[in-house]
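Novice: Below is the structure I would like to discuss, written out as C-alpha coordinates.
The values are calculated or read from the model by the stated rules, or taken from the named source; none is laboratory data. All values derive from a computational prediction rather than experimental measurement. Cβ placement follows ideal geometry from the backbone for every residue including glycine, while neighbour counts extend to all protein chains displayed.
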Amino acid sequence: MTSDARPKLAVHKFASCDGCQLALLSLEDELLSLVGEVEVAYFLEASSTTIEGPYDVALVEGSITTAHDAERIQAVRKDAKYLIAIGACATAGGIQALRNWKDLDDFIRAVYATPAFIHSLEKSTPISSHVAVDFQLNGCPINKYQLLEVITALLQGRVPHLASHAVCMECKRRGTVCITVAQGIPCLGPLTHAGCGAICPAYNRGCYGCFGPMETPNPDSLTSHLRKTGVPADELVRLLRGFTGFAEAFRSASEKLEKTAP
(Lines give C-alpha, C1' and ligand atoms only; values in the text may rest on other atoms or scores of the structure.)
Protein backbone atom coordinates (compact mmCIF):
# COMPACT_ATOMS: atom_id res chain seq x y z
CA MET A 1 0.00 0.00 0.00
CA THR A 2 1.09 3.59 -0.54
CA SER A 3 1.22 6.23 2.18
CA ASP A 4 -2.33 7.32 1.34
CA ALA A 5 -3.51 3.70 1.61
CA ARG A 6 -4.40 3.37 -2.08
CA PRO A 7 -3.25 0.18 -3.85
CA LYS A 8 -0.50 0.76 -6.41
CA LEU A 9 -1.35 -0.29 -9.98
CA ALA A 10 1.23 -0.97 -12.70
CA VAL A 11 0.54 -1.61 -16.39
CA HIS A 12 3.27 -3.37 -18.38
CA LYS A 13 3.59 -3.94 -22.12
CA PHE A 14 5.36 -6.78 -23.90
CA ALA A 15 4.93 -7.84 -27.57
CA SER A 16 1.54 -6.41 -28.50
CA CYS A 17 -0.32 -3.63 -30.31
CA ASP A 18 -1.25 -1.63 -27.16
CA GLY A 19 -4.96 -2.21 -27.84
CA CYS A 20 -5.69 -3.63 -24.39
CA GLN A 21 -4.00 -0.70 -22.66
CA LEU A 22 -6.15 1.62 -24.76
CA ALA A 23 -9.21 -0.32 -23.59
CA LEU A 24 -8.31 0.70 -20.04
CA LEU A 25 -7.91 4.34 -21.06
CA SER A 26 -11.22 4.27 -22.94
CA LEU A 27 -13.09 3.68 -19.68
CA GLU A 28 -13.18 7.52 -19.50
CA ASP A 29 -15.68 8.41 -16.72
CA GLU A 30 -15.17 5.10 -14.94
CA LEU A 31 -11.41 5.61 -15.13
CA LEU A 32 -11.70 8.84 -13.14
CA SER A 33 -13.46 6.96 -10.36
CA LEU A 34 -10.90 4.16 -10.55
CA VAL A 35 -7.99 6.58 -10.22
CA GLY A 36 -9.59 7.81 -7.03
CA GLU A 37 -9.36 4.30 -5.60
CA VAL A 38 -5.91 3.22 -6.84
CA GLU A 39 -2.60 4.92 -7.46
CA VAL A 40 -1.57 4.42 -11.08
CA ALA A 41 2.13 4.08 -10.34
CA TYR A 42 3.46 2.76 -13.66
CA PHE A 43 1.64 3.12 -16.98
CA LEU A 44 3.88 4.37 -19.79
CA GLU A 45 1.00 4.43 -22.28
CA ALA A 46 -0.65 7.11 -20.16
CA SER A 47 2.17 8.93 -18.36
CA SER A 48 5.96 9.17 -18.31
CA THR A 49 5.85 9.68 -14.54
CA THR A 50 6.54 6.43 -12.72
CA ILE A 51 6.69 5.29 -9.11
CA GLU A 52 8.89 2.36 -8.11
CA GLY A 53 7.35 -0.89 -6.94
CA PRO A 54 6.45 -3.18 -5.41
CA TYR A 55 2.93 -2.93 -6.81
CA ASP A 56 -0.31 -4.34 -5.48
CA VAL A 57 -1.64 -5.16 -8.97
CA ALA A 58 0.21 -5.51 -12.28
CA LEU A 59 -1.71 -5.65 -15.55
CA VAL A 60 0.41 -7.27 -18.27
CA GLU A 61 -0.32 -6.90 -21.97
CA GLY A 62 1.63 -8.75 -24.66
CA SER A 63 3.39 -12.06 -25.26
CA ILE A 64 6.96 -13.10 -24.55
CA THR A 65 8.95 -13.08 -27.80
CA THR A 66 12.55 -12.22 -26.84
CA ALA A 67 15.09 -13.36 -24.28
CA HIS A 68 15.00 -9.87 -22.78
CA ASP A 69 11.23 -10.13 -22.31
CA ALA A 70 11.63 -13.54 -20.68
CA GLU A 71 13.90 -11.94 -18.08
CA ARG A 72 11.75 -8.84 -17.63
CA ILE A 73 8.55 -10.77 -16.91
CA GLN A 74 10.33 -12.44 -13.98
CA ALA A 75 11.04 -9.01 -12.51
CA VAL A 76 7.44 -7.91 -13.10
CA ARG A 77 6.15 -10.99 -11.30
CA LYS A 78 8.51 -10.50 -8.38
CA ASP A 79 7.41 -6.88 -8.03
CA ALA A 80 3.64 -7.54 -8.01
CA LYS A 81 1.30 -8.98 -5.40
CA TYR A 82 -1.28 -9.82 -8.07
CA LEU A 83 -0.46 -10.28 -11.76
CA ILE A 84 -3.27 -10.16 -14.32
CA ALA A 85 -2.60 -11.12 -17.95
CA ILE A 86 -4.84 -9.08 -20.24
CA GLY A 87 -5.63 -9.77 -23.88
CA ALA A 88 -4.98 -12.45 -26.48
CA CYS A 89 -1.23 -11.83 -26.64
CA ALA A 90 -0.73 -12.17 -22.89
CA THR A 91 -3.09 -15.14 -22.50
CA ALA A 92 -2.41 -17.10 -25.71
CA GLY A 93 0.64 -15.71 -27.51
CA GLY A 94 -1.33 -13.46 -29.84
CA ILE A 95 -1.32 -13.30 -33.62
CA GLN A 96 2.48 -13.36 -33.49
CA ALA A 97 2.21 -16.97 -32.29
CA LEU A 98 1.49 -17.95 -35.91
CA ARG A 99 5.26 -18.27 -36.20
CA ASN A 100 5.15 -21.13 -33.67
CA TRP A 101 4.18 -23.52 -36.47
CA LYS A 102 6.68 -22.20 -39.01
CA ASP A 103 10.39 -21.51 -39.44
CA LEU A 104 11.06 -18.20 -37.70
CA ASP A 105 14.13 -17.52 -39.85
CA ASP A 106 11.96 -17.59 -42.98
CA PHE A 107 9.77 -14.81 -41.58
CA ILE A 108 12.76 -12.73 -40.49
CA ARG A 109 14.41 -12.98 -43.90
CA ALA A 110 11.15 -12.05 -45.64
CA VAL A 111 10.48 -8.99 -43.49
CA TYR A 112 13.80 -7.48 -42.43
CA ALA A 113 16.53 -6.08 -44.67
CA THR A 114 19.21 -7.03 -42.13
CA PRO A 115 18.11 -10.26 -40.40
CA ALA A 116 21.34 -10.39 -38.36
CA PHE A 117 20.02 -7.52 -36.23
CA ILE A 118 16.93 -9.47 -35.13
CA HIS A 119 17.16 -11.52 -31.94
CA SER A 120 13.94 -13.33 -31.16
CA LEU A 121 12.76 -16.50 -29.46
CA GLU A 122 11.54 -19.33 -31.67
CA LYS A 123 8.04 -19.08 -30.21
CA SER A 124 5.70 -16.39 -29.00
CA THR A 125 4.28 -17.59 -25.68
CA PRO A 126 1.71 -16.37 -23.14
CA ILE A 127 2.70 -14.88 -19.80
CA SER A 128 1.58 -18.03 -17.95
CA SER A 129 4.29 -20.03 -19.74
CA HIS A 130 6.89 -18.05 -17.80
CA VAL A 131 5.44 -16.97 -14.45
CA ALA A 132 2.47 -17.63 -12.20
CA VAL A 133 -0.58 -15.61 -13.25
CA ASP A 134 -3.32 -14.78 -10.75
CA PHE A 135 -6.00 -14.03 -13.34
CA GLN A 136 -6.37 -14.02 -17.12
CA LEU A 137 -8.67 -11.72 -19.06
CA ASN A 138 -9.24 -12.74 -22.68
CA GLY A 139 -9.98 -10.64 -25.72
CA CYS A 140 -8.43 -8.85 -28.69
CA PRO A 141 -8.83 -6.28 -27.35
CA ILE A 142 -10.23 -7.00 -23.90
CA ASN A 143 -13.71 -5.88 -22.91
CA LYS A 144 -13.09 -2.73 -20.88
CA TYR A 145 -16.03 -3.42 -18.59
CA GLN A 146 -14.72 -6.89 -17.82
CA LEU A 147 -11.39 -5.31 -16.88
CA LEU A 148 -13.18 -2.83 -14.63
CA GLU A 149 -14.99 -5.73 -12.96
CA VAL A 150 -11.70 -7.57 -12.33
CA ILE A 151 -10.01 -4.52 -10.80
CA THR A 152 -13.11 -3.69 -8.72
CA ALA A 153 -13.29 -7.27 -7.46
CA LEU A 154 -9.65 -7.11 -6.34
CA LEU A 155 -10.28 -3.85 -4.50
CA GLN A 156 -13.29 -5.39 -2.76
CA GLY A 157 -11.55 -8.67 -2.01
CA ARG A 158 -13.97 -10.86 -3.97
CA VAL A 159 -13.93 -13.15 -6.99
CA PRO A 160 -14.61 -11.39 -10.34
CA HIS A 161 -18.04 -12.12 -11.84
CA LEU A 162 -17.42 -12.81 -15.54
CA ALA A 163 -19.56 -14.81 -17.93
CA SER A 164 -18.23 -18.28 -18.70
CA HIS A 165 -20.55 -19.13 -21.59
CA ALA A 166 -19.82 -19.15 -25.31
CA VAL A 167 -20.34 -16.46 -27.93
CA CYS A 168 -23.41 -18.39 -29.11
CA MET A 169 -25.26 -17.14 -26.03
CA GLU A 170 -24.49 -13.57 -27.03
CA CYS A 171 -25.86 -14.26 -30.53
CA LYS A 172 -29.11 -15.48 -28.99
CA ARG A 173 -29.36 -12.43 -26.77
CA ARG A 174 -29.02 -9.99 -29.65
CA GLY A 175 -31.35 -12.01 -31.88
CA THR A 176 -28.74 -13.10 -34.44
CA VAL A 177 -29.69 -16.19 -36.43
CA CYS A 178 -26.90 -18.79 -36.34
CA ILE A 179 -24.83 -18.13 -39.45
CA THR A 180 -23.43 -21.68 -39.47
CA VAL A 181 -26.87 -23.30 -39.46
CA ALA A 182 -28.56 -20.77 -41.75
CA GLN A 183 -25.73 -19.91 -44.15
CA GLY A 184 -23.08 -22.59 -43.69
CA ILE A 185 -20.46 -20.05 -42.58
CA PRO A 186 -17.70 -21.63 -40.43
CA CYS A 187 -17.79 -20.04 -36.97
CA LEU A 188 -15.86 -20.58 -33.72
CA GLY A 189 -18.69 -19.15 -31.63
CA PRO A 190 -19.52 -22.47 -29.91
CA LEU A 191 -15.90 -22.72 -28.66
CA THR A 192 -15.16 -19.09 -27.83
CA HIS A 193 -15.47 -17.26 -24.53
CA ALA A 194 -18.14 -14.56 -24.44
CA GLY A 195 -17.24 -10.92 -24.04
CA CYS A 196 -17.27 -9.33 -27.49
CA GLY A 197 -21.05 -9.08 -27.84
CA ALA A 198 -21.02 -11.43 -30.85
CA ILE A 199 -20.15 -8.59 -33.21
CA CYS A 200 -18.88 -10.65 -36.14
CA PRO A 201 -21.85 -13.03 -36.52
CA ALA A 202 -24.15 -10.01 -36.42
CA TYR A 203 -22.47 -8.89 -39.66
CA ASN A 204 -22.54 -12.33 -41.31
CA ARG A 205 -18.96 -13.14 -40.43
CA GLY A 206 -17.93 -16.22 -38.48
CA CYS A 207 -16.41 -15.76 -35.02
CA TYR A 208 -12.65 -16.22 -35.19
CA GLY A 209 -12.08 -16.77 -31.49
CA CYS A 210 -10.45 -13.52 -30.38
CA PHE A 211 -11.69 -14.04 -26.81
CA GLY A 212 -10.07 -17.48 -26.62
CA PRO A 213 -11.56 -20.85 -25.70
CA MET A 214 -14.49 -20.95 -23.29
CA GLU A 215 -14.15 -22.98 -20.10
CA THR A 216 -15.37 -26.30 -21.54
CA PRO A 217 -14.92 -26.18 -25.32
CA ASN A 218 -15.52 -29.21 -27.55
CA PRO A 219 -13.51 -28.48 -30.72
CA ASP A 220 -13.71 -32.07 -31.97
CA SER A 221 -17.50 -31.88 -32.16
CA LEU A 222 -17.52 -28.54 -33.98
CA THR A 223 -14.76 -29.38 -36.46
CA SER A 224 -16.36 -32.76 -37.18
CA HIS A 225 -19.66 -31.04 -37.97
CA LEU A 226 -17.99 -28.44 -40.19
CA ARG A 227 -16.04 -31.11 -42.05
CA LYS A 228 -19.31 -32.92 -42.80
CA THR A 229 -20.72 -29.71 -44.29
CA GLY A 230 -17.79 -29.59 -46.71
CA VAL A 231 -15.36 -27.21 -45.00
CA PRO A 232 -11.78 -28.37 -45.84
CA ALA A 233 -9.45 -29.25 -42.97
CA ASP A 234 -6.89 -26.66 -44.04
CA GLU A 235 -9.52 -23.93 -43.88
CA LEU A 236 -10.43 -24.97 -40.35
CA VAL A 237 -6.76 -24.94 -39.37
CA ARG A 238 -6.50 -21.34 -40.55
CA LEU A 239 -9.69 -20.45 -38.66
CA LEU A 240 -8.42 -21.95 -35.41
CA ARG A 241 -5.02 -20.26 -35.73
CA GLY A 242 -6.10 -16.70 -35.29
CA PHE A 243 -5.47 -14.26 -32.46
CA THR A 244 -5.72 -17.01 -29.84
CA GLY A 245 -4.55 -19.94 -31.96
CA PHE A 246 -1.86 -21.01 -29.50
CA ALA A 247 -4.36 -21.47 -26.65
CA GLU A 248 -4.39 -25.15 -25.75
CA ALA A 249 -7.89 -26.03 -27.03
CA PHE A 250 -7.42 -24.30 -30.37
CA ARG A 251 -3.80 -25.44 -30.77
CA SER A 252 -4.51 -29.13 -30.19
CA ALA A 253 -7.56 -29.03 -32.49
CA SER A 254 -5.65 -27.36 -35.33
CA GLU A 255 -2.72 -29.75 -35.03
CA LYS A 256 -5.09 -32.70 -35.13
CA LEU A 257 -6.76 -31.34 -38.25
CA GLU A 258 -3.41 -30.68 -39.88
CA LYS A 259 -2.72 -34.41 -39.84
CA THR A 260 -5.88 -35.17 -41.79
CA ALA A 261 -6.47 -34.87 -45.50
CA PRO A 262 -7.90 -31.56 -46.85
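Novice: Would you call T176 over 19 Å from A247 (Cβ atoms), surrounded by 21 or more Cβ atoms within 10 Å (Cβ to Cβ) and of a type in the set (S, T, N, Q)?
Specialist: Considered against the rule, which asks whether it is over 19 Å from A247 (Cβ atoms), surrounded by 21 or more Cβ atoms within 10 Å (Cβ to Cβ) and of a type in the set (S, T, N, Q), T176 comes out as no.
Novice: Hey, another quick one. Of the residues T152, T229, which is in the same structural domain as D134 (by TED's automatic domain parsing), of a type in the set (S, T, N, Q) and more than 21 Å from C89 (Cβ to Cβ)?
Specialist: Sole residue among the options that is in the same structural domain as D134 (by TED's automatic domain parsing), of a type in the set (S, T, N, Q) and more than 21 Å from C89 (Cβ to Cβ): T152.
Novice: How about region 243-262: which of its residues are surrounded by 18 or more Cβ atoms within 10 Å (Cβ to Cβ) and either more than 18 Å from K123 (Cα to Cα) or modelled with pLDDT of 95 or more (or both)?
Specialist: T244, G245, F246, A247, A249, F250, R251, A253, S254, L257
Novice: Mind listing just one residue for me: the one in region 15-45 that is assigned to a loop (DSSP other than H, G, I, E, B) and of a type outside the set (S, T, Y) and, of those, surrounded by the fewest Cβ atoms within 10 Å (Cβ to Cβ)?
Specialist: Restricting to residues being assigned to a loop (DSSP other than H, G, I, E, B) and of a type outside the set (S, T, Y), the top hit is E28.
Novice: Right, another one. Given L191, L222, L154, which one is touching a residue at least 40 places away in the same chain (Cβ under 8 Å) and in contact with a helix residue (DSSP H, G or I) (Cβ under 6 Å, 6 or more places away or on another chain)?
Specialist: Within the list L191, L222, L154, the selection yields L191.
Novice: While we're here: Out of all the residues in region 198-213, is one or more of a type in the set (F, W, Y), over 27 Å from F135 (Cα atoms) and out of contact with any strand residue (DSSP E or B) (no Cβ under 7 Å at 6 or more places or on another chain)?
Specialist: yes
Novice: Test A97 against the stated conditions and say whether it is modelled with pLDDT under 95, of a type in the set (G, A, S), over 30 Å from D29 (Cβ atoms) and not assigned by TED's automatic domain parsing to the domain that holds I199.
Specialist: So A97 does not fit the description; no.
Novice: While we're on this one: Quick check on C196: is it in contact with a Gly (Cβ under 8 Å, 6 or more places away or on another chain) and either modelled with pLDDT under 95 or over 24 Å from F243 (Cα atoms) (or both)?
Specialist: When the stated conditions are applied, C196 passes them.
Novice: Next question, about the same structure. Taking region 46-55, which residues are surrounded by 12 or more Cβ atoms within 10 Å (Cβ to Cβ) and either touching a Leu at 6+ places or on another chain (Cβ under 7 Å) or farther than 22 Å from Q136 by Cα (or both)?
Specialist: A46, T50, I51, Y55
Novice: Here is a check on your reading of the model: is R205 charged (D, E, K, R), in the same structural domain as D56 (by TED's automatic domain parsing) and on the phi < 0 side of the Ramachandran plot?
Specialist: no
Novice: When you look at V159, is it at pLDDT below 95 and among the hydrophobic types (A, V, I, L, M, F, W, C), yes or no?
Specialist: Against the criterion (at pLDDT below 95 and among the hydrophobic types (A, V, I, L, M, F, W, C)), V159 qualifies.
Novice: Which fully enclosed helices (runs of 4 or more DSSP H) of region 210-262 have 2 or more residues being over 17 Å from T180 (Cβ atoms), touching a Phe, Trp or Tyr at 6+ places or on another chain (Cβ under 9 Å) and not β-branched (V, I, T)?
Specialist: The qualifying helices (runs of 4 or more DSSP H) are 248-258.
Novice: Looking only at residues that are among the charged types (D, E, K, R) and in contact (Cβ under 8 Å) with a residue 40 or more places away in the chain in region 1-48, which one is farthest from G94 (Cα to Cα)?
Specialist: Among those that are among the charged types (D, E, K, R) and in contact (Cβ under 8 Å) with a residue 40 or more places away in the chain, it is E37.
Novice: K172 fails exactly one of the following numbered conditions: (1) more than 20 Å from P217 (Cβ to Cβ); (2) in the same structural domain as G212 (by TED's automatic domain parsing); (3) charged (D, E, K, R). What is the number of that condition?
Specialist: Only one criterion is unmet by K172, namely (1).
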